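A short worksheet on the structure shown next.
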Amino acid sequence: MAYRAGLTSRSGAGTRAMLASPGLLLFGLFFFVPLGFVAYEAAAGGTRGLSTLLASRTFWFGLANSLLLGVLAAVLSVAVGLAVALRLARMKEQARMAWQFLIALPLTFSGLIVAYGFILAFGRAGFVTLSLEALLGVNPVAFSQAVYSPYGLAFVYAYYLTPRVVMMLTPVLVNFDTAQLAAAESMGASRIRTLRDILLPQLKAPMISAFALVAAVAIGAYGTALALVGTQVNILPLQLFTMVSDAGSDFAVTATLGLVLAAICTLVMGIGEWAGAKK
Amino acid sequence: MTLALENLHFNYPGAGAGVRDISLEIRDGELLAVIGPSGCGKSTILKLIAGFLMPHQGVIRIGDQDVSSVPPRKRDLGIVFQNYALFPHMSIAENIGYPLKLRNVPTAEAWPRIREALEMVGLAHLADRPPRSLSGGQQQRVALARALVFRPRALLLDEPLSALDAAMRGEMRDEILRLQRLYGIATLHITHDQEEALSMANRVAVMREGRVLQVDTPEALYARPVNRAVATFVGHANLMDGEVLAENRVRTPLGDLACARHAFSAGAGVSVLIRPEAIRPVAAADGVNRFAGTVTRNRFLGSLRRFDFALSGGAKLMVEVDHQVAPPPAIELPPEALLVIASSS
Amino acid sequence: MSGVSLSGRPTGIGSAVLALYAVYLVVPMALILIGSFGNAWSNTLLPVGVTGRWYETLATNAAFQKAFWTSLWVCFATVIVSVLIGAPLAYAVATAKSPGMAMLGRIIYLTPVAAPAVVLGFGYMLAFSTETLPFLGAGWLTVAAHTVVCLPYLLQTLVADLKLQGIEQLEQAAESLGAPFHRRFLDIVLPGLVHSIASAAILVAALSIGEFQLTNLIAGFLHRTYPIVLLQAFYGASGFACAATVVLLTLALISAVAGAMVARKATFSGVVTA
């Protein structure tokens with residue numbers, strides 16, 4: 001009652017609930033219901049799903065590879081994204097807009113475009129592979145195999161993850177009060193120290209958020225990897241895809257793997273949200 | 001129409017802030033300023049009157065009508081928001097015409113009124129421009145015109161000058177006053193700027209921590225503040241702790257002083273106030289309320305000179321004198337200017 | 001472009017990184033484009049000979065034709081549904097007073113990452129191939145799935161814009177002038193959102209056209225979208241695969257250009273000042 005008397009004018013909570021309801025209904029039916037089915041399927045199998053997974057070497061290798069891929073892709077994307085964002089922040093607005101247009105392109109690309117582009121560049125007969133062979137004598141077979149490993153996948157994933165990082169960090173850097181850096185330099189700090197002592201501590205929160213977000217995306221995605229290497233690399237989402245497409249697989253195990261994968265992604269992103277909000 | 005608040009109470013859920021026991025009356029044609037530090041509840045009062053918040057207790061009256069449970073859109077109040085809240089996708093004329101459109105005023109009748117409102121604020125030549133292309137002062141005028149064009153029953157101003165630079169502020173003060181007088185409309189003016197409040201308002205309500213401490217004319221507020229908080233908030237003040245000895249004597253860290261007559265009983269803990277310009281420079285410390293000392297910080301401020309006077313006992317007083325007066329060897333605190341007031345509310 | 005550093009001095013490292021990054025960005029796209037016009041490309045640095053035949057083959061390929069039009073109508077329907085559902089939802093979230101509604105918005109933002117497409121797709125296979133809900137493979141289910149995937153991005157754009165405009169105060173102003181809710185929504189909220197709705201719709205279109213991970217699991221044989229068919233092409237002649245990919249690339253570019261133009265317009269009219 002006290003609350004009702006308080007915060008808002010009449011056309012408040014009720015109207016908003018009504019306006020929100022179609023969207024919430026859609027999410028309920030086409031997001032939470034399907035996930036609920038996955039959860040139900042996993043639960044229906046009792047402990048069978050989880051025990052099968054835990055006993056499976058493939059699962060543990062897949063988990064290790066996925067986490068490795070997530071961390072590598074995130075490290076690479078955040079490092080490159082930070083460097084690019086730092087450079088963009090120093091540009092005049094027009095130039096920055098032009099660069100941002102180019103950099104944002106991969107954001108809406110289908111993962112397939114990225115995959116095929118990398119096959120053409122870094123595949124066994126790829127442009128870069130053959131160039132390296134001609135220039136440095138690099139073995140094309142070994143080189144292209146590296147591209148199809150978790151390390152190589154991280155390099156490919158960075159193609160559409162780095163833009164996310166750039167888009168998250170650039171506004172922060174553009175709005176950063178650069179007089180702070182000038183002040184530190186006037187006190188005798190070197191350029192590196194200025195970055196390390198003044199800029200980076202203040203960038204920590206958005207950087208952690210960005211890191212967690214792109215790591216979670218990299219851990220959960222399968223499209224690009226499927227197009228690039230088929231189901232040859234053992235990462236969790238591809239493992240799950242294989243089980244899902246195979247009519248004969250055990251639903252309880254498949255569903256449990258799905259829940260585990262979703263839990264990992266949620267957890268990674270949750271940590272980022274928490275750390276980002278905490279500052 | 002008269003705007004009246006009776007015993008308003010409001011608490012924000014889950015927070016201690018809010019307002020308590022607010023009773024104010026703003027008569028037709030009167031401008032009442034509500035002044036206080038941020039967080040004192042002055043904006044809450046405006047939101048309560050506007051209807052954006054609902055009071056937990058109390059009554060809001062416009063004229064004879066109790067509007068406490070009337071929705072904001074039916075209260076007929078003109079509001080000027082802090083950041084003007086002009087609609088960015090409408091031209092200046094469309095902004096001003098919007099309340100008329102909502103009231104289904106026919107175009108033939110609306111246009112002359114829009115034109116008149118535009119001319120009144122001197123912006124007729126900018127009628128078709130979008131709000132963003134105007135300066136802060138011009139946007140402010142549009143906001144005023146929009147708030148007045150539909151002949152509201154009262155006008156609410158929410159820190160209307162805080163987004164303007166100092167030069168523009170003076171000009172807009174006069175402009176707001178001119179229009180307010182022209183319309184003869186009851187006006188509530190929320191501000192944190194004491195100079196603004198004192199120079200514009202017929203009466204000023206000083207607020208702190210959700211309560212109104214004093215409502216009075218600017219002159220009375222300065223000359224007879226009810227307590228220490230009001231005294232510090234309005235103008236410069238020398239304030240000391242004191243203990244009442246008699247109806248015209250008070251004990252202070254400076255010693256026992258003669259003071260203006262007051263109603264406190266002997267033994268009461270009070271505050272003792274004297275304004276810097278009431279202190280008189282004298283040649284020697286020979287007589288009632290006279291003290292020798294030295295001038296420490298001597299500031300020339302154009303027509304006047306403000307200095308700190310360090311007494312031999314260690315106390316310091318701020319003194320304002322005519323700029324031609326030389327630093328004196330002693331000062332006098334005239335008893336009639338030495339006010340005994342409450343320490344707190 | 002003066003190359004002045006954050007603290008005022010010019011720097012070379014940043015520019016070098018940016019240049020390398022630009023190469024990394026452009027090379028895969030350029031190779032796809034070059035490959036699509038190459039006559040033959042196997043074990044050579046670049047293709048040999050110039051031809052337009054891959055595009056001719058593509059234009060006469062019935063499967064690709066059908067998939068292309070399927071993708072377009074799925075995209076169109078997704079945009080319409082997303083805007084109709086998303087704009088009111090965005091308003092509700094942006095003006096929410098209760099922590100619950102704000103929280104809900106936050107959860108929706110996070111869904112695309114928190115629940116990977118492959119998991120959600122499996123959920124669709126379980127939920128919508130039952131006897132009570134036998135919808136798997138239906139075209140409209142693909143539209144619903146795309147809407148679920150795209151809505152969070154639309155929501156983010158619109159909520160950010162509403163907050164930037166200070167919609168709460170604008171609405172209070174309108175309300176004090178006498179506007180009831182439906183007038184405020186039609187006169188103030190929607191007109192103010194026109195530009196961000198346009199740019200969000202373009203974003204949704206781009207995401208829907210390129211969506212592969214979820215569609216791949218739920219689209220029936222009759223309603224395969226372009227990316228699903230495209231994957232098959234990767235196992236054939238590289239020229240054809242390139243040409244087929246260029247189509248997607250072109251659509252993405254078109255939407256990016258359109259998005260940039262809308263954003264510019266929004267900046268000029270002052271609706272979005274970021």
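Could you grab me the full set of residues in region A:235-274 that are more than 8 Å from chain C (Cβ to nearest Cβ), more than 22 Å from C:Phe212 (Cα to Cα) and open to solvent by less than 20 Å² (accessible area, probe 1.4 Å)?
Result: A:Ala252, A:Val253, A:Thr256, A:Gly272.
Filter region B:21-80 down to the residues that are acidic (Asp, Glu) and open to solvent by 30 Å² or more (accessible area, probe 1.4 Å) and list them by number.
From region B:21-80, those acidic (Asp, Glu) are B:21, B:25, B:28, B:30, B:64, B:66, B:76; that's our starting set.
Matches in region B:21-80: B:Asp21, B:Glu25, B:Asp28, B:Asp64, B:Asp66, B:Asp76.
Please state which of the following conditions C:Thr95 fails to meet, knowing it meets all the rest: (1) more than 10 Å from chain A (Cβ to nearest Cβ); (2) in contact (Cβ under 8 Å) with a residue 40 or more places away in the chain; (3) more than 19 Å from C:Ala219 (Cβ to Cβ).
The number of the failed condition is (1).
Give region A:258-275 a look and list any residue that's of a type outside the set (Val, Ile, Thr) and within 18 Å of C:Thr111 (Cα to Cα), or say none. Spell out how you get there, then give the answer.
Looking only at region A:258-275, we keep the residues that are of a type outside the set (Val, Ile, Thr), and these are A:258-259, A:261-263, A:265, A:267, A:269-270, A:272-275.
Selection gives A:Gly258, A:Leu259, A:Leu261, A:Ala262, A:Ala263, A:Cys265, A:Leu267, A:Met269, A:Gly270, A:Gly272, A:Glu273, A:Trp274.
Here are B:Leu8, B:Leu31, B:Leu3: which of them is more than 17 Å from C:Gln172 (Cα to Cα), free of Cβ contacts under 8 Å to residues at least 60 places away in the same chain and more than 12 Å from chain C (Cβ to nearest Cβ)? If you could, list the steps in order and put the result at the bottom.
Values: B:Leu31 fails: free of Cβ contacts under 8 Å to residues at least 60 places away in the same chain; B:Leu3 fails: free of Cβ contacts under 8 Å to residues at least 60 places away in the same chain.
After applying the criteria, what remains is B:Leu8.
Among the residues of region C:147-186, count how many are within 28 Å of C:Ala117 (Cβ to Cβ) and out of contact with any Leu (no Cβ under 8 Å at 6 or more places or on another chain).
Of all residues in region C:147-186, those within 28 Å of C:Ala117 (Cβ to Cβ) come to C:147-161.
Next, only the ones that are out of contact with any Leu (no Cβ under 8 Å at 6 or more places or on another chain) stay: C:156, C:159-160.
Total meeting the criteria: 3.
Just name the residue that is most open to solvent (accessible area, probe 1.4 Å) out of those in region B:202-227 that are part of a loop (DSSP other than H, G, I, E, B) and under 17 Å from B:Ser43 (Cα atoms).
Checking each candidate, the answer is B:Glu209.
Please work out which residue is least open to solvent (accessible area, probe 1.4 Å), limiting yourself to region C:108-138 and to residues that are more than 9 Å from every other protein chain (Cβ to nearest Cβ) and closer than 16 Å to A:Leu26 by Cα.
Filtering region C:108-138 down to residues more than 9 Å from every other protein chain (Cβ to nearest Cβ) leaves C:109, C:129, C:131-132, C:134-138.
If we keep only those that are closer than 16 Å to A:Leu26 by Cα too, we end up with C:109, C:135.
On the way: C:Tyr109: 43, C:Phe135: 64 Å².
In this case the residue turns out to be C:Tyr109.
Would you please name the residue that is surrounded by the fewest Cβ atoms within 10 Å (Cβ to Cβ), looking only at residues in region B:142-162 that are in a loop (DSSP other than H, G, I, E, B) and within 17 Å of the chain's Cα centre (by Cα)?
Looking only at region B:142-162, we keep the residues that are in a loop (DSSP other than H, G, I, E, B), and these are B:149-153, B:159-162.
Retained after the next criterion (residues that are within 17 Å of the chain's Cα centre (by Cα)): B:159-162.
Numbers: B:Glu159: 20, B:Pro160: 25, B:Leu161: 25, B:Ser162: 14.
The qualifying residue surrounded by the fewest Cβ atoms within 10 Å (Cβ to Cβ) is B:Ser162.
With the requirement that a residue be closer than 16 Å to C:Phe64 by Cβ, assigned to a helix (DSSP H, G or I) and open to solvent by less than 20 Å² (accessible area, probe 1.4 Å), what does region C:211-223 give you?
Scanning region C:211-223 gives a single hit, C:Thr215.
Going by what's in this entry, would C:Val189 be described as open to solvent by less than 20 Å² (accessible area, probe 1.4 Å), in contact with a helix residue (DSSP H, G or I) (Cβ under 8 Å, 6 or more places away or on another chain) and more than 25 Å from A:Ala104 (Cβ to Cβ)?
Details: open to solvent by less than 20 Å² (accessible area, probe 1.4 Å): yes; in contact with a helix residue (DSSP H, G or I) (Cβ under 8 Å, 6 or more places away or on another chain): yes; more than 25 Å from A:Ala104 (Cβ to Cβ): yes.
Taking the combined requirement at face value, the residue satisfies it.
Do you know which residues across region B:111-135 are outside any helix (DSSP H, G or I) and free of Cβ contacts under 8 Å to residues at least 40 places away in the same chain? Quick ask: steps written out before the conclusion?
First, the residues of region B:111-135 that are outside any helix (DSSP H, G or I): B:121-123, B:127-130, B:134-135.
Residues satisfying the conditions are B:Gly122, B:Leu123, B:Ala127, B:Asp128, B:Arg129, B:Ser135.
Within region B:286-308, does at least one residue satisfy the condition of being in contact with a Cys (Cβ under 8 Å, 6 or more places away or on another chain) and among the polar types (S, T, N, Q)? Explain how you work it out, then say what you get.
Narrowing region B:286-308 to residues in contact with a Cys (Cβ under 8 Å, 6 or more places away or on another chain): none.
No, region B:286-308 contains no residue that is in contact with a Cys (Cβ under 8 Å, 6 or more places away or on another chain) and among the polar types (S, T, N, Q).
A quick yes/no check of all residues on (1) away from chain A (no Cβ under 14 Å); (2) open to solvent by 50 Å² or more (accessible area, probe 1.4 Å):
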| site | (1), (2) |
| --- | --- |
| C:Leu58 | yes, no |
| C:Ala67 | no, no |
| C:Thr70 | yes, no |
| C:Ile80 | no, yes |
| C:Ile85 | no, no |
| C:Ala90 | no, no |
| C:Gly100 | no, no |
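Going residue by residue through region B:287-296, is there one that turns out to be without any contact (Cβ under 8 Å) to a residue 12 or more places away in the chain and either open to solvent by 30 Å² or more (accessible area, probe 1.4 Å) or farther than 18 Å from B:Val226 by Cβ (or both)?
Kept after step one, since they are without any contact (Cβ under 8 Å) to a residue 12 or more places away in the chain, are these residues of region B:287-296: none.
The answer is no; no qualifying residue exists.
Having 3 or more residues that are more than 8 Å from chain C (Cβ to nearest Cβ) and out of contact with any helix residue (DSSP H, G or I) (no Cβ under 8 Å at 6 or more places or on another chain) is the bar; report the helices (runs of 4 or more DSSP H) wholly within region A:1-112 that clear it. Break it down stepwise before answering.
Details: elements: A:2-6, A:13-27, A:33-44, A:48-54, A:57-89, A:93-108.
In region A:1-112, the matching helices (runs of 4 or more DSSP H) lie at A:2-6, A:13-27, A:57-89, A:93-108.
In region C:152-173, how many are aliphatic (A, V, I, L, M), open to solvent by less than 30 Å² (accessible area, probe 1.4 Å) and more than 7 Å from every other protein chain (Cβ to nearest Cβ)? Give the derivation first.
Initial filter on region C:152-173 (aliphatic (A, V, I, L, M)): C:154-155, C:158-160, C:162, C:164, C:167, C:170, C:173.
Among the residues that remain, those that are also open to solvent by less than 30 Å² (accessible area, probe 1.4 Å) are: C:154-155, C:158-159, C:162, C:167, C:170, C:173.
Right, trim to more than 7 Å from every other protein chain (Cβ to nearest Cβ) and you get C:154-155, C:158-159, C:162, C:167.
Looking only at that region, the number is 6.
In region A:183-209, what residues are open to solvent by less than 60 Å² (accessible area, probe 1.4 Å) and in contact with a Gly (Cβ under 7 Å, 6 or more places away or on another chain)?
The answer is A:Ala205, A:Pro206, A:Ser209.
Filter region C:175-207 down to the residues that are free of Cβ contacts under 8 Å to residues at least 40 places away in the same chain and at the interface with another protein chain (Cβ under 7 Å from one of its Cβ atoms) and list them by number. If you could, list the steps in order and put the result at the bottom.
We begin by selecting, within region C:175-207, every residue free of Cβ contacts under 8 Å to residues at least 40 places away in the same chain; these are C:175-184, C:186-188, C:191.
Selection gives C:Glu175, C:Ser176, C:Leu177, C:Gly178, C:Ala179, C:Pro180, C:Phe181, C:Arg183, C:Ile188, C:Pro191.
Residue under question is C:Gly49, and the condition is that it be open to solvent by less than 50 Å² (accessible area, probe 1.4 Å) and either more than 10 Å from every other protein chain (Cβ to nearest Cβ) or modelled with pLDDT of 95 or more (or both); does it hold?
Working: open to solvent by less than 50 Å² (accessible area, probe 1.4 Å): yes; either more than 10 Å from every other protein chain (Cβ to nearest Cβ) or modelled with pLDDT of 95 or more (or both): yes.
Against the criterion (open to solvent by less than 50 Å² (accessible area, probe 1.4 Å) and either more than 10 Å from every other protein chain (Cβ to nearest Cβ) or modelled with pLDDT of 95 or more (or both)), C:Gly49 qualifies.
Scan region B:49-81 for residues that are closer than 24 Å to B:Asp165 by Cα and more than 8 Å from every other protein chain (Cβ to nearest Cβ) and jot them down.
Scanning region B:49-81 gives a single hit, B:Val80.
May I ask you to verify whether B:Leu86 is out of contact with any Cys (no Cβ under 7 Å at 6 or more places or on another chain), open to solvent by less than 30 Å² (accessible area, probe 1.4 Å) and either farther than 21 Å from C:Ile188 by Cα or in a helix (DSSP H, G or I) (or both)? Lay out the reasoning, then the answer.
Details: out of contact with any Cys (no Cβ under 7 Å at 6 or more places or on another chain): yes; open to solvent by less than 30 Å² (accessible area, probe 1.4 Å): yes; either farther than 21 Å from C:Ile188 by Cα or in a helix (DSSP H, G or I) (or both): no.
No, not satisfied.
Got at least one residue in region A:182-197 being outside any loop (DSSP other than H, G, I, E, B), within 18 Å of C:Ala115 (Cα to Cα) and not small (Gly, Ala, Ser)?
Here is the first cut: in region A:182-197, the ones outside any loop (DSSP other than H, G, I, E, B) are A:182-186, A:191-197.
When the remaining residues are screened for being within 18 Å of C:Ala115 (Cα to Cα), the result is none.
No, the conditions are met nowhere in region A:182-197.
Report, by residue number, each residue of region A:118-127 that is touching a residue at least 24 places away in the same chain (Cβ under 8 Å) and either closer than 21 Å to A:Gly220 by Cα or at the interface with chain C (Cβ under 7 Å from one of its Cβ atoms) (or both). Steps first, please.
Initially, region A:118-127 is screened for residues touching a residue at least 24 places away in the same chain (Cβ under 8 Å), giving A:118-119, A:122-123.
Passing the criteria: only A:Phe118.
(1) touching a residue at least 40 places away in the same chain (Cβ under 8 Å); (2) part of a helix (DSSP H, G or I): which one isn't true of C:Gly137, the others all being true?
(2)
Applying the selection to region B:85-99, what residues are free of Cβ contacts under 8 Å to residues at least 60 places away in the same chain and within 9 Å of chain C (Cβ to nearest Cβ)? Walk me through it before giving the result.
In the first step, residues of region B:85-99 are kept if they are free of Cβ contacts under 8 Å to residues at least 60 places away in the same chain; the result is B:85, B:87-99.
Listed by number, the residues that qualify are B:Ala85, B:Phe87, B:Pro88, B:His89, B:Met90, B:Tyr98, B:Pro99.
The values are calculated or read from the model by the stated rules, or taken from the named source; none is laboratory data. Because the structure is predicted, anything quoted here is derived from the model rather than measured. Here the Cβ is made from the backbone with ideal geometry for all residues, glycine too, and neighbour counts use every protein chain on show. These area figures cover heavy atoms from the full protein model, side chains too; ligands, DNA and RNA do not enter into them. Shrake-Rupley method; radii C 1.70, N 1.55, O 1.52, S 1.80 Å.
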